[in-house]
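Visitor: Take this structure, written in structure tokens, and hold onto it; I'll ask about it next.
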Amino acid sequence: MRAEGDFSILLQDIWFELRGSVILRGIDWQVFAGQRWVLLDLRTMIPEFMSVLDVVLAGQKGALAFYEEYTPAERRRAHESLSHIHADHLISRRFSTLSTGERQRVLIARALMAEPDILLLDEPCMGLDPLSREEFLDSLYNLFAEKSAMTVITVTHHVEEITSAYEGVLIFDGGRVLACGLREQTLTAEAISNLFGHRCRLTFEDDRYSLQFI
């Protein structure tokens, strides 16, 4: 059991309205420190001249560009951050020449430079081909193992991207919480069927989910 006050996130009765539309409705949610869930859209905002090393180093201060001279110690830290996500071989490349999957890895390494307690991943596999997605998910799995104290929240529309590294699941439907709890108890065929209004078959094999509507 975790201590009652050992929260990374504690939300109670959260509502959010945007331009007259209610986005969130009465959300109660708690995430304990070290748990994982399932705005990497910085790709179009990074200057084309920047190297991978520049992009990662800029993450120390949350900047989009890095114009300063870096020290050997900073270079080592950037290399370590990239190695956590299996992207250290990209350190000398220009960011604008990378594939979508490579850019995703570099942006996560950039976030790690700030030594965050919480890492937010918003559709991190979007735009990846099937092989790149599998390689990226493997890298995430290893990152979670190495950074076990870091809380990770991932937003996804695809159950195939949820592995056993994620402990909890929160299912939204129209801004309301449809189901919330431990992954193995919450991510069920019944919950997915209720979400989409259509019967489905959900299986979990070799640490991956598979969804089929019937």
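The values are calculated or read from the model by the stated rules, or taken from the named source; none is laboratory data. Note that the coordinates shown come from a computational prediction; the quantities given were computed from them, not determined experimentally. Quick reminder, even Gly has a Cβ in these numbers, built from the backbone with ideal geometry, and neighbours come from all protein chains shown.
Visitor: Which one of H89, H158 is surrounded by fewer than 16 Cβ atoms within 10 Å (Cβ to Cβ), out of contact with any Leu (no Cβ under 6 Å at 6 or more places or on another chain) and farther than 30 Å from F49 by Cα?
Guide: Exactly one residue qualifies, and that residue is H158.
Visitor: Also, quick follow-up: Could you give me the residue pairs with C-beta distances under 6 Å whose first residue belongs to segment 185-204 and is closer than 14 Å to I171 by Cβ, whose second residue is part of a helix (DSSP H, G or I) wherever it lies, and which are 6+ apart or on separate chains?
Guide: As it stands, the answer is C200/A189; C200/I192; C200/S193; L202/A189; L202/I192, since those pairs meet every condition given.
Visitor: Still on this structure: Return the pairs, sorted by first residue and then second, in which the second residue is among the basic types (K, R), the first residue lies in segment 167-179 and is at pLDDT 85 or above, the beta carbons are less than 7 Å apart, and the residues are 6+ apart or on different chains.
Guide: E167/R36; E167/R183; G168/R183; V169/R183
Visitor: Kindly check whether there is at least one residue in segment 137-148 that is of a type in the set (D, E), within 26 Å of V159 (Cα to Cα) and within 14 Å of the chain's Cα centre (by Cα).
Guide: yes
Visitor: Still on this structure, I have one more. Taking segment 161-179 only, how many residues are surrounded by fewer than 16 Cβ atoms within 10 Å (Cβ to Cβ) and not in a loop (DSSP other than H, G, I, E, B)?
Guide: Here the count works out to 4.
Visitor: Something else now. Quick check on this structure: which one of H86, H157 is part of a loop (DSSP other than H, G, I, E, B), under 18 Å from the mean Cα position of the chain (by Cα), within 27 Å of E17 (Cβ to Cβ) and not hydrophobic (A, V, I, L, M, F, W, C)?
Guide: Only one candidate qualifies: H157.
Visitor: In a loop (DSSP other than H, G, I, E, B), surrounded by 22 or more Cβ atoms within 10 Å (Cβ to Cβ) and modelled with pLDDT under 90 - does that describe any residue in segment 100-120?
Guide: Among the residues of segment 100-120, not one is in a loop (DSSP other than H, G, I, E, B), surrounded by 22 or more Cβ atoms within 10 Å (Cβ to Cβ) and modelled with pLDDT under 90, which makes the answer no.
Visitor: Give just the number: which of (1) farther than 26 Å from A149 by Cβ; (2) among the small types (G, A, S); (3) exposed (fewer than 15 other Cβ atoms within 10 Å of the Cβ) does S132 not satisfy?
Guide: Here S132 meets the rest and fails (3).
Visitor: Quick check on my filter: what residues within segment 180-198 are in a loop (DSSP other than H, G, I, E, B) and touching a strand residue (DSSP E or B) at 6+ places or on another chain (Cβ under 7 Å)?
Guide: Residues satisfying the conditions are L187, T188, H198.
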